[in-house]
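Structure, as structure tokens:
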Amino acid sequence: MQPASSPLLPMSVETVELYVGKGNCCRCGCGGDYFRVSEDPANAKKVRHYLKKLLSGKYEVLEQPGMAGEHIYEINLSNSGHDRVATFYVKTNA
């Protein structure tokens, strides 16, 4: 991933799939948890919480193109040496 060079894409809890967990491993779910509002509406609170962190300007935002119709942003939540990230998979053709 590279530092975000352009404004973030518009996003909402409905267009974001969120991963929170270890950053130095695969994203299969073994090192963290996924939160999708489409699977459980109760996940909206968690997604909203991390979207606020992403948009706060307090974290360096990394980005990369995702699969077709998707864009990926990531913030490092660790400031104490622990490897913890929040990764946002944003649907661009919703």
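Extension gain, K22 to A44: 0.36 nm times the residue separation minus the Cα-Cα distance gives 5.8 nm. Could you work out [θ]222 nm for the chain from helices alone, using -39500 (n - 2.57) per DSSP H run of at least four and dividing by all its residues? Round to the nearest 500 deg cm²/dmol. Calculated mean residue ellipticity at 222 nm is -4500 deg cm²/dmol. Which residues make up the longest stretch of the chain that has no GluC sites (Glu not before Pro) in a DSSP loop with at most 16 other Cβ atoms within 10 Å? The longest uninterrupted stretch comes out as 61-94.
Candidates C26, N76, P10 compared by Cα position along the dipole of the chain: farthest toward the positive end lies N76, with charges placed on Cβ. Each of Q64, N43, V90 was scored by the projection of its Cα onto the charge dipole of region 7-91, and the greatest displacement toward the positive side belongs to N43; charges sit on the C-beta of Lys, Arg, Asp and Glu. Taking a ≥ b ≥ c as the square roots of the eigenvalues of the alpha carbon gyration tensor, region 51-94 is prolate, as a/c is not under 1.5 and a/b beats b/c. Mean-square fluctuations from a GNM of the chain, with a 10 angstrom spring cutoff on Cα atoms, peak among S78, S56, S12 at S56.
Assuming a ≥ b ≥ c are the square roots of the Cα gyration tensor eigenvalues, decide whether region 7-91 counts as rounded (a/c under 1.5), prolate (otherwise, with a/b larger than b/c) or oblate. Since a/c stays below 1.5, the shape of region 7-91 is classed as rounded. Using only the Cα atoms of region 34-76, build the gyration tensor, take square roots of its eigenvalues as a ≥ b ≥ c, and label the shape rounded, prolate or oblate: rounded if a/c is under 1.5, else prolate if a/b is larger than b/c, else oblate. Verdict is oblate for region 34-76.
Throughout, read-outs are computed from the coordinates displayed, never taken from laboratory work. This one's a predicted model, so the numbers in the text were calculated from it and none came from an experiment. Virtual Cβ from ideal backbone geometry, glycine too; neighbours counted across all protein chains shown.
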